[in-house]
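Computed from the coordinates by the stated procedures, all read-outs in this text should not be read as laboratory data. Quick caveat: nothing in here was measured; it's all calculated off a predicted structure. So basically every Cβ, Gly included, is an ideal-geometry build from the backbone, and we count neighbours across all protein chains shown.
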Amino acid sequence: MPHFEAADGTRLFYEERGEGPPVLALAGLTRNSGDFDHVAPHLPCHLIRMDYRGRGQSDWADPTTYTVPQEAADAVALLDHLGLDRAAVLGTSRGGLIAMMLAATHKDRLSGVALNDIGPEIDPAGLKAIESYIGRNPPQKTHEEAALFRARNWLHFKGVAQERWLHEVRNHYAETPDGLVVRYDPKLRVTVFENAQVQPAPDLWPLFGALHGLPLCLIRGANSDLLTKVTWDRMRRLRHDAIAAEVPDRGHVPFLDEPQAVHALQSWIATL
């Protein structure tokens, strides 16, 4: 499995496939490169995926480094490792925050940005939901139990096949004799929530403004509890040139292989 070393020696997993404009896919907060399994076959590009430090197949590191600025620096290090001067970023949730950080700090390395269900304002309801599970193993004991739980209880997603949920939970959790275990460093919880409580939430609208001039794609799940319709509408007003798609029957986050998302992403890639 390919890895590269970050500046502090942390080994980070990545993979690449396809031809065309380079697109770096950055996953959600507790997720990994498997986030893009469903959409990958639909993207006509050189798709590069990486696992953040402490997630997936990357090394666990000092938990104080599990931050958006550090993860943005790791993304730049991967571009350097691959010899790429520029790439577009497809950012899901946390990945979108990293994309905006890169626009503010390394804009010359970007050829475009796509934001999947994330913006410069995060709904407290969505944060509360994340806080309820981050760093904790689920109560279900098997992948099949976890998939069934989602199929029955994740009402903000509709029409999702049981096989899809099974794929998702296998990507998120390892099955052990003692039950399911998260595929990331549980100390991520301390960095994201417990340590962050001593600092006021930053104003992220300037980071969104840093996307000016870059080809932009905006995707939102119609049932999202993280990206509100109010914030989404403001983003579209500020960037009326953006390619935008709202995916029905999806919460946080769309899988990205929905027809609306595929069309938007393919149109965006064509502008890179």
Legend entry - Test item: Cα-centred dipole of region 21-149, Lys/Arg +1 and Asp/Glu -1 on Cβ, debye: 40 debye
Inset, instruction - Evaluate the charge dipole of region 136-183 about its Cα centre and quote only its size in Debye, nearest 20, assuming +1 on the Cβ of each Lys and Arg and -1 on the Cβ of each Asp and Glu. - result: 220 debye
Legend entry - Set of lysines near K187 by C-alpha distance (under 19 Å), chain-local residues within fewer than 8 positions excluded: K128
Inset, instruction - Compute the distribution of all C-alpha to C-alpha distances in region 136-183, in bins of 5 Å from 0, and list the percent of pairs in each, rounded to whole numbers. - result: 5, 24, 34, 21, 12, 3, 0
Legend entry - Total formal charge among the other residues, if their Cβ is under 13 angstrom from that of D233, Lys/Arg +1 and Asp/Glu -1: +4
Inset, instruction - Starting from the coordinates of the alpha-carbon atoms of region 115-272, obtain the Kirkwood hydrodynamic radius over all distinct pairs and give the value in Å to one decimal. - result: 17.4 Å
Legend entry - Dipole magnitude of the chain, debye to nearest 20 (Cβ charges: Lys/Arg +1, Asp/Glu -1, about Cα centre): 540 debye
Legend entry - Separation of alpha-carbon centers, region 148-209 and region 91-121, rounded to whole Å: 19 Å
Inset, instruction - For n ≥ 4 DSSP H runs only, could you compute -39500 (n - 2.57) per run for the chain, divide by its residues and tell me the 222 nm figure to the nearest 500? - result: -9500 deg cm²/dmol
Legend entry - Residue (of A77, T231, A99) at the positive-pole extreme of the chain, dipole from beta-carbon charges: T231
Legend entry - Local net charge near V169, Cβ-Cβ under 15 Å (Lys/Arg +1, Asp/Glu -1): +1
Inset, instruction - Whole number please: convex hull volume per residue, Cα atoms of the chain, in Å³. - result: 124 Å³
